[in-house]
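Working notes, structure below.
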Amino acid sequence: MITDYLNKIRNQENLTQTEAEKCLNLIFHESVKDDDIAELLILLAEKGESKEETAGFSASLLKNAIKLDLTRESIDLCGTGGSGRDRFNISTLSAFILAAGGMKVIKHGNKGSRCANGSFDLLEKIGCNFDLPEERQKAVFNETNLCFVFARKYHPAMKKVVPARKKAARRTIFNIIGPLSNPAQPYYQIIGTTEHTKAKLIARVLEESDRKKCLVIVGEPGIDEISISGKTTIYEVENKKIKEYTFEPQDFNIPLIKYEYLPGGDADTNKKLFLDLIENKGNNYLKDMVCLNAGAAFYCAKADKTIDDGCERSRELLDSGKVKKIYEKYIHLASQ
């Protein structure tokens, strides 16, 4: 019964990982009242979600997802969102840069919850069909190194919690486990979040996983990407260990720029920015930020020894037109 889990959390007790997994399975498969689900989510958030609760919820979400049989020797780039700021979809363009550089990219994500500024809002605007039959998706992936995993399609069980999440009217454990729940479970991943507490929690969950290398990122002034507007903290997870370090854009010979000067907004705005950047005529500050984030992904996937090397590789791929070519190839193949 859901009341058993509610009572435990009301008493400020953490659920075990097994209990957390059973709790979400119960919500997904039984008739649980929306008010009870909403209360559970609020209580978890107010208490502070534990590593075990986060891992248990993520395990349940994965077990209830539509399976995606692709290579795990791949990388995902996504964030938890939540900055509340106008932004460009850095990780979406980074996915095309990585693919142009020979990396297998399985990008998991969604549309924006409050406005059309999510990665899949942008993909829709730039003509990238991501709603493909399984065999076609595999064929396109093999030709382009790109696969886009639309969370709403691959996690149908999440429909059960939509009313409760609206009732809760706040960020909940589902915002944390979303990036952890790519059905393909790639071995390498960049996860951005806006809070250090959440970043440490995600890193601790990844520490117990079979991932090969992950970077959990918090950038100033509270963004889920590597920042060129201040300090970035990275929690690097490798070999069951977490290493924490910080850097600033000047460390990569990138000028510091106020975040407010970086362009970004809804899908229409971001479409123009995306197309300008792949034509190599976009905003230079935004290009710096994209290349730094893509560079970190090359480093994460062990394609480059340093983030700096990955950043330089990203610039070359944009400047050479290879990113534009992989974008055009994806559009062509995915539309057939």
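Inspect segment 269-284 for any residue being in contact with a helix residue (DSSP H, G or I) (Cβ under 9 Å, 6 or more places away or on another chain) and farther than 30 Å from Lys138 by Cα and give the result as yes or no. Yes: one or more hits.
Yes or no: segment 121-136 includes at least one residue that is crowded, with 23+ Cβ neighbours inside 10 Å and assigned by TED's automatic domain parsing to the domain that holds Gly265.
Start the filter on segment 121-136 by keeping residues that are crowded, with 23+ Cβ neighbours inside 10 Å, which leaves 122-123.
Checking which are assigned by TED's automatic domain parsing to the domain that holds Gly265 leaves us with 122-123.
Checking segment 121-136: at least one residue is crowded, with 23+ Cβ neighbours inside 10 Å and assigned by TED's automatic domain parsing to the domain that holds Gly265.
Each residue in segment 222-260 was checked for being over 19 Å from the mean Cα position of the chain (by Cα) and among the polar types (S, T, N, Q), and 5 pass. Of the residues screened, Lys107 is one that is modelled with pLDDT of 95 or more, buried (at least 22 other Cβ atoms within 10 Å of the Cβ) and in contact with an Asp or Glu (Cβ under 9 Å, 6 or more places away or on another chain).
Looking at Glu21, Glu53, Glu46, which is the one that is within 26 Å of the chain's Cα centre (by Cα), outside the structural domain of Leu275 (by TED's automatic domain parsing) and either surrounded by fewer than 20 Cβ atoms within 10 Å (Cβ to Cβ) or within 30 Å of Gly264 (Cβ to Cβ) (or both)?
On the way: Glu21 fails: either surrounded by fewer than 20 Cβ atoms within 10 Å (Cβ to Cβ) or within 30 Å of Gly264 (Cβ to Cβ) (or both); Glu53 fails: either surrounded by fewer than 20 Cβ atoms within 10 Å (Cβ to Cβ) or within 30 Å of Gly264 (Cβ to Cβ) (or both).
On inspection, the qualifying residue turns out to be Glu46.
Helices (runs of 4 or more DSSP H) fully within segment 226-336 that include at least 2 residues being in contact (Cβ under 8 Å) with a residue 60 or more places away in the chain and surrounded by fewer than 16 Cβ atoms within 10 Å (Cβ to Cβ): 267-278, 322-334. In the set (1) buried (at least 17 other Cβ atoms within 10 Å of the Cβ); (2) touching a residue at least 40 places away in the same chain (Cβ under 8 Å); (3) not small (Gly, Ala, Ser), the condition left unmet by Arg85 is number (1). Considering each residue of segment 149-167 in turn, at least one proves to be farther than 25 Å from Gly48 by Cα, modelled with pLDDT of 95 or more and not in a helix (DSSP H, G or I). The helices (runs of 4 or more DSSP H) located wholly in segment 1-120 that include 3 or more residues which are under 24 Å from Arg170 (Cβ atoms) occupy 2-10, 17-29, 34-47, 51-63. Tell me, which residue of segment 2-18 that is in contact (Cβ under 8 Å) with a residue 24 or more places away in the chain and surrounded by fewer than 18 Cβ atoms within 10 Å (Cβ to Cβ) is farthest from the chain's Cα centre (by Cα)? Only one residue fits best here, namely Thr3.
The values are calculated or read from the model by the stated rules, or taken from the named source; none is laboratory data. Here the structure is a predicted model, which means the values were calculated and not measured. For neighbour counting, all protein chains shown are included, and Cβ atoms are generated from backbone atoms with ideal geometry for every residue, glycine included.
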